[in-house]
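Asker: Take this structure first; my questions come after.
The values are calculated or read from the model by the stated rules, or taken from the named source; none is laboratory data. Fair warning: this is a prediction, and the values are worked out from it, not measured in the lab. Backbone-built Cβ (ideal geometry, glycine too); neighbour counts: all protein chains shown.
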Amino acid sequence: MTTPPNGPFVLVEPQVASVPLVLDSPHSGDWIPAGLPLAVSEWDLRESEDSFVDQLWAEAPAHGATLLAATFSRAYVDPNRHAGDVDPELLDGPWPHPMSPSGKARIGKAVVWRTLEDGRPIHTRRLAAAEVAARIDGCLLPYQQALAALIDAAHARHGVCFHVNCHSMRAVAGPMGEGGSGTARADIVLGDRDGSTCSAEFTALVRDTLSGFGYDVRINDPYKGVELVRVSGDPARGRHSLQLELNKRLYMDEATRRRTAGFDVLRRDLNRLLATLADHARHASR
């Protein structure tokens, strides 16, 4: 089986009058098929997941927003990568499609990861091109196409769309983390690829709202945004796409991967942010 039994994503439509606000959580899924040639435990494999992020943003539809969440694990295939971002060192033969490995591929984090954060190889052998292609076709492409369709529909209806790409990050950078191993992360990092994927106004609105709640918020430091905001954001056309990284220490114990009391506090604050963003999107709609 190369696709989760209930599909590669969950889509929750607005529960009230819709506003041009789309949220997606590409890394909160946890489905990993049986029978993979793994050199590590499934527990270790899942360290890359953005645990509980879809739950933190679950109130979005109550504000008129749309919420899309992947059901498959990022460790299986990473939907925040271009389909051509294939790592040649992962393959046991030639790749029959156009290939454009990124800097992520060089550190083992292409569309299918080759190594864990600590550098350990994930697989016991190299993968056949067909194995990698099945992951892309069964999970990555349907997810990316669904997100693009949601943004297109909101933009067509309202003349504008605001997209928040929802993630979480380690409290402290790992061996291959941006900024260097051991670097403590801020509470929240916003990424707009140096202003290229959304307006400065929208980035500032999110930053100022969260800062007003008492959070330490950074912009493009160290995360600028990757594939999903890159292809979704076009502020000159009224398409605003912002990556938002939440520090895991705010809501979970990274060692046990269990929610802490901070989960409810953070979800409450994100609900307040959602109210602000929905109001902003409503007033920007034509």
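Asker: Counting only residues that are farther than 22 Å from Leu205 by Cα, aliphatic (A, V, I, L, M) and in contact with a strand residue (DSSP E or B) (Cβ under 6 Å, 6 or more places away or on another chain), how many does segment 225-265 have?
Answerer: Of the residues in that region, 1 qualify.
Asker: Oh, and also: Would you point out which residue out of Trp31, Trp57 is of a type in the set (Phe, Trp, Tyr), touching a Ser or Thr at 6+ places or on another chain (Cβ under 7 Å) and buried (at least 24 other Cβ atoms within 10 Å of the Cβ)?
Answerer: Trp57
Asker: Moving on. With respect to Arg282, is the statement that it is under 16 Å from Ser168 (Cα atoms), assigned to a helix (DSSP H, G or I) and modelled with pLDDT of 95 or more true?
Answerer: It is false that Arg282 is under 16 Å from Ser168 (Cα atoms), assigned to a helix (DSSP H, G or I) and modelled with pLDDT of 95 or more.
Asker: For residues in segment 144-171 being in contact (Cβ under 8 Å) with a residue 60 or more places away in the chain and out of contact with any Ser or Thr (no Cβ under 9 Å at 6 or more places or on another chain), which is nearest to Gly84 (Cα to Cα)?
Answerer: Gln144
Asker: Kindly provide the set of residues from segment 217-258 that are without any contact (Cβ under 8 Å) to a residue 60 or more places away in the chain and either crowded, with 16+ Cβ neighbours inside 10 Å or assigned to a strand (DSSP E or B) (or both), ordered by number.
Answerer: Answer for segment 217-258, where residues must be without any contact (Cβ under 8 Å) to a residue 60 or more places away in the chain and either crowded, with 16+ Cβ neighbours inside 10 Å or assigned to a strand (DSSP E or B) (or both): Val217, Arg218, Ile219, Asn220, Pro222, Tyr223, Lys224, Arg230, Asp234, Pro235, Asp253, Arg258.
Asker: Output the residues belonging to segment 116-127 that are touching a Pro at 6+ places or on another chain (Cβ under 7 Å) and in contact (Cβ under 8 Å) with a residue 60 or more places away in the chain.
Answerer: Within segment 116-127, Glu117, His123, Thr124, Arg125 meet the criteria.
Asker: Counting only residues that are hydrophobic (A, V, I, L, M, F, W, C) and in a loop (DSSP other than H, G, I, E, B), which one in segment 55-86 is nearest to Val10 (Cα to Cα)?
Answerer: Ala58
Rundown of residues vs (1) modelled with pLDDT under 95; (2) more than 13 Å from Gln243 (Cα to Cα); (3) not aromatic (Phe, Trp, Tyr), yes/no style:
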{"residue": "Gly174", "(1), (2), (3)": "yes, yes, yes"}
{"residue": "Arg185", "(1), (2), (3)": "no, yes, yes"}
{"residue": "Ser196", "(1), (2), (3)": "no, no, yes"}
{"residue": "Asp208", "(1), (2), (3)": "no, yes, yes"}
{"residue": "Lys224", "(1), (2), (3)": "no, no, yes"}
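Asker: Kindly provide the set of residues from segment 39-54 that are among the acidic types (Asp, Glu), closer than 16 Å to Arg259 by Cα and either surrounded by 22 or more Cβ atoms within 10 Å (Cβ to Cβ) or in contact (Cβ under 8 Å) with a residue 40 or more places away in the chain (or both), ordered by number.
Answerer: Glu47, Asp50, Asp54
Asker: Just to verify a result, which residue in segment 87-105, among those that are of a type in the set (A, V, I, L, M, F, W, C) and in a helix (DSSP H, G or I), is farthest from Glu227 (Cα to Cα)?
Answerer: Leu90
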